[in-house]
Every structure is written in C-alpha cells, then in structure tokens.
C-alpha cells in the first residue's frame with residue numbers, strides 16, 4: 001500500500017463509496033491525505049436563549065414546545081415552497097423560546113421528540129424583532145457534552161459523502177505511519193523550523209489544539225509553496241536555453257485593427273503592446289506575464305499578439321479557465337475578423353462539444369487551417385496536435401497550475417508564452433509566484449469606465465438591497481448575488497448558500513423577475529446554458545458562488561450584492577466586483593457582512609474607498625499578516641489548497657530562499673539524500689497530470 005493506492009484498499013470503502021470520493025476529486029490515498037479540512041468547528045458549551053446574539057454560531061439546550069395555541073397547534077411542521085421543504089419548530093429552555101428553521105430536512109418531524117432535551121447548534125439570525133436559529137444541528141445532550149471544546153474538521157463534500165465518512169477514511173491512512181514518510185531534507189526543516197510531515201498531516205485533520213494546528217498548517221503551506229516554486233524553476237531553466245525559431249514580421253493586420261477600434265489604447269496598453277511586438281520578433285522565446293486590474297484592457301493586447309502571429313503564418317492558442325469565457329473570447333475574435341475582413345479562421349475547443357465538433361476542430365488545428373485556437377484545458381489533451389504553434393496565451397493564470405501551462409507549451413516547438421492575470425498581487429510576491437516570467441503591468445483604466453460605487457453594510461440592509469435589485473431590473477439591467485456556499489452544510493454553517501438563497505430571493509422579488517443560480521459543482525453544459533441565458537438577459541438575477549470571478553463580460557449587469565463578504569479575501573472581493581461596471585451605466589456593489597467587529601469593518605472599508613486592485617492587495621497583506629489561521633483566504637488562488645499568498649507571504653519568501661539554496665548544490669535533485677524529495681515531487685507532477693486526465 002502506498003499513497004497512489006486506490007481508496008478501496010481501506011476498510012469500509014466499497015465501489016459505491018469510492019465513486020462518491022472520486023466525485024469529490026479524491027482518487028487515491030494521496031488525494032485523501034491532501035483533502036484538507038476547509039474549516040474547524042469548536043463546540044462551545046450551550047448558552048441560554050436569552051444570551052443569544054444575532055450573527056453568532058451558538059448552542060442552546062432546550063426542548064421542543066407547541067408553536068401555537070388551540071387544538072390545531074403543532075410542535076414541528078413542514079411546508080413546501082417552490083420545491084423547497086421548510087421545517088419549523090419552537091424550542092424552550094424554561095425561560096425563553098426560540099424559533100428553529102430547517103431547509104430540505106422534513107425527516108426531522110420523525111426524529112425529534114417533544115419534551116426530550118436536545119442541544120440545538122446553529123447560526124442565530126433575526127426576523128423582525130425576534131431571533132431564530134437557521135439550519136441548526138441537533139445533538140443528544142450526552143453526545144454534545146462529549147464533543148465540548150474539540151476542534152472538529154469540516155470538509156468540502158459532494159452529495160452522499162459525509163464528513164464522518166471522510167474522517168474515518170483519513171484516520172485509517174494516518175494510522176499507517178509508513179505511508180507518511182518524511183521527504184523534506186533535515187537541513188531545510190531545521191533552518192525553517194518546520195514540523196515533521198506525519199505530525200503535520202495528523203494535526204491538520206485532527207488537531208489537538210490551536211497551537212498544534214498552527215504548526216501543522218505552516219509546514220504544509222511551506223510544502224505547497226516549495227514544490228510550486230521548484231516546478232517554476234525547472235520550467236524557467238528549460239526556457240532560458242531556447243532560441244526563437246519563429247520568423248514573426250511586423251503586422252499590417254494589427255495596425256488596421258487599431259485604427260478601426262472605437263477607442264484608443266491607454267498609454268499602459270501601448271507600452272505593453274510595443275514590448276510584445278519586440279519580443280515576438282526577438283532572438284529569445286518570450287515568456288511574459290501581463291498583470292492588469294479587472295477591466296484594464298488586457299484582452300485586446302493579447303488579441304493583437306494572436307493576429308500578429310497568424311499573419312506571419314503561425315498558430316496562436318488562447319486558453320481560458322471556463323467554457324463560458326472561452327466561448328466569449330471565440331465570439332469576440334470571430335466578430336473582429338469578420339468585421340475587418342481578416343483571412344484567419346478561429347477554432348473553438350471545449351470539453352462539452354460533441355465528438356463530431358471536436359473531430360472537426362482537431363482536423364483544422366492539425367492542418368493549420370485554424371490560425372487561432374480558443375478553448376479550455378481541452379487544448380492540452382493528447383488528441384490535439386498543432387500544425388505550428390508559435391504563441392500560447394493563458395487567461396486568468398491563477399486558475400491554471402504550472403503543469404497546465406507547461407503541457408500546452410510542449411504542444412508546440414518552444415512557443416512564445418503570454419500569461420494574463422487580473423489577480424492583484426504585490427510585485428514582491430509576483431516576482432516569486434511568476435518566477436519563470438517577465439512581468440508587464442497595465443496600470444491605467446480606459447477613460448470611459450465609470451468607477452463602481454461601493455457600500456459596506458450589515459444584514460439589516462438586506463431589504464433595501466433587494467429593492468435596489470428590483471429597481472435595476474425595472475430599468476432593464478441585471479444583477480449578481482454572490483454566496484460563499486453551494487448548498488446547506490451538514491455542520492452549523494454560517495454562510496448563505498446559492499440554492500436556498502435563490503428560493504428566498506424568488507419569494508422576495510416580483511414574479512416577473514427570473515432568478516437562477518450558478519455554482520462550480522454544476523456540469524459544464526449546465527453552467528454554459530445559465531451564463532448564456534444571463535448574457536441574453538433571459539435571467540435578470542444570477543445567484544452564484546465565486547465561479548463568476550472569472551466569468552464572462554456582461555455589460556448589462558450593474559448591481560452586485562456579496563453576502564458574507566467577511567469570508568472572502570479583499571483581492572477576491574475586488575475581482576468579484578469587477579463583474580459589474582463593464583458597460584456605460586453606473587454600477588454598484590454592496591458588501592454585506594454577517595459578522596461584525598473592528599477588524600472586519602476595517603478590511604471591508606478598504607474596498608469601499610478604493611477601486612485600485614493593487615493598492616487593495618497591498619493593504620490586505622499588511623492588515624492580515626502571517627498566522628491568520630481562522631481568517632479568510634483567496635479561494636482557488638494558484639491551485640493552493642491551504643496556502644494564502646497574502647497572509648502566508650513570509651512563508652512564501654522562506655520557501656523561495658530554501659529552493660534557491662537547494663538548487664545551488666543539487667540542480668537536478670540527483671543527490672541520494674534528496675531521493676525522497678525527488679520522488680515526492682514526481683508524484684505531485686503525476687497527480688497534476690492525472691487530474692487533467694492526461
């Protein structure tokens with residue numbers, strides 16, 4: 001048994017359970033060990049109902065009581081609203097009463113008995129002047145007492161997979177000590193004060209206390225940064241010895257396009273475009289990051305580069321992180337080509353295309369008939385053979401791992417590389433995180449862009465926010481509502497979720513307004529259909545998770561409400577806000593926070609006062625600093641599971657120095673004392689390829 005063993009070697013994991021784990025992205029024991037908790041729950045002692053406060057997660061010991069008077073009164077009742085079952089009850093601790101609400105849990109009517117004491121634990125909310133508890137977990141009194149003050153892991157799950165199932169499987173792997181062998185050289189661990197690997201894995205899943213959890217997290221964050229930087233260094237080394245074999249000429253096509261655009265490029269865009277032209281025609285292969293704020297105009301500069309390459313007789317590929325964004329890039333390129341009469345053909349390649357559509361695209365790409373290829377990670381599948389790939393562009397780089405970029409580059413004979421990112425990363429960190437790339441920054445916004453008007457509020461503003469949504473829709477515009485979660489959690493989650501929230505919003509808004517939801521667990525075809533309907537204004541209000549962070553350009557969307565905004569990093573909130581304000585009309589963003597406190601309000605106030613992503617990123621890093629264990633993190637940032645480039649900036653610097661020192665003495669990790677490290681690195685690279693279905 002090793003970390004690449006299938007999950008069915010574990011006791012209690014049969015074929016059905018194995019498929020559930022696979023749906024959660026857990027294919028082997030290594031994936032399971034690396035499926036870290038997304039949060040931890042502390043089960044504090046119960047309090048009295050009288051002591052409850054809005055917004056907190058708390059527990060009360062109480063009994064169910066009838067919720068009304070007379071013969072028809074009920075203790076616990078369930079009603080159905082538009083396919084959503086809502087179960088309600090009232091409990092009492094002898095002095096006060098508290099209303100309880102559950103969504104899609106009608107079976108509770110048969111499991112909770114009147115008069116029996118239970119512990120109800122959940123988020124306390126307010127309706128009118130009365131408090132209630134939404135989606136509380138229910139415990140027997142003795143059961144809850146045995147959990148007091150423990151830190152219990154909360155995992156990301158899929159339907160059918162429970163936290164208890166994950167915990168049992170992880171405990172089995174951890175009990176096999178031989179599976180968690182140390183691979184980091186002792187010198188590095190000593191110099192960087194890192195805990196042992198087996199201790200880190202055990203404590204990240206089942207921490208003894210907060211201190212042990214902090215030590216475990218720091219070690220695993222260091223490892224994530226270390227191997228990421230190691231991969232970048234190897235990639236850079238391979239590039240540095242490569243000469244430019246492509247004969248790319250100055251382009252009449254791009255000159256014509258610039259003259260026909262309805263706007264003039266900003267000074268920053270012109271500067272970057274000049275750099276790209278020089279490097280495409282230079283002696284060495286280009287590897288450049290174009291970093292620019294949301295809406296700064298990175299895409300048009302990339303399109304100019306694609307046209308320049310195509311006019312010289314070569315191919316260019318543009319890889320987008322989502323199918324919806326790929327389709328929009330394809331439509332924009334096609335429109336520009338047809339409008340200007342350019343002799344180029346564009347091919348689209350995405351995962352949801354039919355077999356025949358993919359076959360046609362493969363043929364056009366292999367023959368060279370398609371000069372420009374746009375797609376998702378389908379561009380790097382084995383069946384795709386390029387005719388003469390000279391330029392690779394990846395859009396929203398932080399959604400792609402280094403391995404994906406590397407594989408696409410290998411599809412050609414050392415093509416030029418452009419990476420685009422709207423992620424506002426301070427330059428000191430960008431130099432490390434994009435260590436294989438030269439960096440250009442577009443730091444000007446187009447003159448016709450109206451700044452988004454911002455507002456930071458608590459949940460008491462929600463009714464007013466709904467009125468704003470209604471008004472914007474009545475004026476012909478559209479709105480986003482962002483929620484942190486996909487659906488109700490099996491734990492006492494404090495966050496709004498898109499599925500229940502969509503029903504709530506449908507009830508709150510006039511019937512003529514179409515409200516739909518979008519989240520990352522939906523099938524690609526479903527996500528594409530929803531976004532295309534939103535683009536066409538067939539959907540007026542889109543309730544979504546952060547999947548829209550790298551969504552399409554919807555100029556008609558003028559309003560965004562972000563629920564539980566305290567749960568997101570500032571840089572991520574800024575990128576979400578960038579989905580509005582893309583048209584001519586004034587746009588608005590409301591940051592609604594459930595939790596209050598000086599630190600939360602101070603952080604969100606930065607967004608209120610500034611629309612400059614790089615200033616926001618720097619302030620975010622200064623405010624949070626290292627060790628913000630239970631704080632927010634930038635979800636999905638650069639493929640890291642635990643690491644956060646802002647709050648873990650000191651560990652990032654330390655890992656960068658450690659990699660540098662290691663490669664000075666052993667550039668290819670050939671030294672026998674580094675065999676375990678090299679084996680672990682190779683396993684991680686294989687895992688990346690496996691997850692890309694390569």
How do 393, 337 line up, fewest other C-beta atoms within 10 Å first? 337, 393
Averaging over every viewing direction, what projected area does the convex hull of the Cα atoms of segment 407-529 cover, in nm²? 13.4
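For an R0 of 41 angstrom, estimate the FRET efficiency from the Cβ-Cβ distance between residue 599 and residue 108 and round to the nearest 0.05. Don't skip to the end; give the middle numbers.
On the way: r = 37 Å, r/R0 = 0.89.
That pair, residue 599 with residue 108, gives E of 0.65.
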Contour minus end-to-end for residue 148 and residue 332, with contour as 0.36 nm per residue of separation and end-to-end as the Cα-Cα distance? 60.5 nm
Which of 589, 91, 192 has the fewest Cβ neighbours within 10 Å, and the rest in rising order: 192, 91, 589
Cα-Cα P(r), segment 171-245, percent of pairs per 10 Å interval: 17, 38, 25, 12, 7, 1
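Rank by packing, highest mean first: peptides 356-362, 204-210, 642-648, with packing defined as the count of other Cβ atoms within 10 Å averaged across residues. Present the calculation step by step, with values, prior to reporting the outcome.
On the way: 356-362: 15.1, 204-210: 17.6, 642-648: 24.4.
With the highest mean Cβ count within 10 Å placed first, the list reads 642-648, 204-210, 356-362.
Starting from the alpha-carbon convex hull of segment 6-80, give the projected area averaged over all orientations, in nm².
Numbers: hull surface 40.0 nm².
Reported value for the Cα convex hull: 10.0 nm².
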Please give the direction-averaged projected area of the C-alpha convex hull for segment 44-149, in square nanometres with one decimal. 7.3
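To one decimal place, what Kirkwood hydrodynamic radius in Å is obtained for segment 247-442 from all pairs of distinct Cα atoms? Write down the numbers at each step before the final one.
Working: mean 1/r = 0.0597 Å⁻¹.
The answer is 16.8 Å.
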Output the 0 to 90 degree angle, nearest 10, between the alpha-carbon long axis of helix 163-175 and the longest principal axis computed from the alpha carbons of the chain. 70
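Ratio of the chain's C-alpha Rg to 2.2 N^0.38 Å, to two decimals?
Numbers: Rg = 26.7 Å, N = 694, 2.2 N^0.38 = 26.4 Å.
Compared with the compact-globule rule of thumb, the chain sits at 1.01.
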Distribution output for segment 356-472: share of Cα-Cα pairs per 5 Å bin in percent, first bin at 0, values 2, 8, 15, 15, 11, 11, 10, 10, 9, 6, 4, 1, 0
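Sort 440-449, 34-43, 138-147 for me by packing, meaning the mean count of neighbouring Cβ atoms within 10 Å per residue, highest on top.
Packing order, densest peptide first, comes out as 34-43, 440-449, 138-147.
Calculate the translational D of segment 642-682 in whole µm² s⁻¹ from Stokes-Einstein, where the hydrodynamic radius comes from the Kirkwood formula applied to all Cα pairs, the temperature is 37 °C and the viscosity 0.692 mPa s.
On the way: Rh = 11.5 Å.
Reported coefficient: 285 µm²/s.
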Any idea what Rg and Dmax come out to for segment 453-610 if you just take the C-alpha atoms, in Å? 14.6, 43
Stretch residue 99-residue 363 to full length: gain in nm at 0.36 nm per residue minus the Cα-Cα span? 88.7 nm
Given 37 °C, 0.692 mPa s and a Kirkwood radius over Cα pairs, the Stokes-Einstein diffusion coefficient of segment 223-323 in µm²/s is 211
Span from the segment 367-443 Cα centroid across to the segment 9-83 one, whole angstrom: 41
Would you please give the FRET efficiency between residue 683 and residue 42, computed as 1/(1 + (r/R0)^6) with r the Cβ-Cβ distance and R0 = 30 Å, to the nearest 0.05? 0.30
Along Cα→Cβ, 7 Å out, is where each label goes; now give me the distance between the ones at residue 663 and residue 525 in nm to one decimal. 4.4
Could you state the angle between the C-alpha long axis of helix 267-280 and the longest principal axis of the C-alpha atoms of the chain, as a value from 0 to 90 degrees rounded to the nearest 10? 60
Folded to 0 to 90 degrees: helix 649-665 orientation relative to the chain principal axis, Cα: 50
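Helix-only mean residue ellipticity at 222 nm, the chain, DSSP H runs n ≥ 4 weighted -39,500 (n - 2.57), per residue, nearest 500. What is it?
Numbers: 22 runs with 265 residues, N = 694.
After summing the helix terms and dividing by residue count, I get -12000 deg cm²/dmol.
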Label point 7 Å out from residue 247 along Cα-to-Cβ: which residues of segment 272-299 have amide N under 17 Å? 280-284
First obtain the Kirkwood hydrodynamic radius of segment 94-149 from its Cα pairs, then insert it into the Stokes-Einstein equation at 10 °C and 1.306 mPa s, and state the resulting D in µm² per second as a whole number. 125
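What Kirkwood hydrodynamic radius, in Å, does segment 280-369 give when the mean of 1/r is taken over all pairs of distinct Cα atoms and then inverted? Walk me through the intermediate numbers first.
Details: mean 1/r = 0.0679 Å⁻¹.
About 14.7 Å for segment 280-369.
Since every read-out is calculated from the coordinates, none of them should be taken as a lab result. Keep in mind it's a predicted model, so treat the numbers as computed, not measured. FYI the Cβ positions are ideal-geometry reconstructions off the backbone, even for glycines, and counts take in every protein chain you see.
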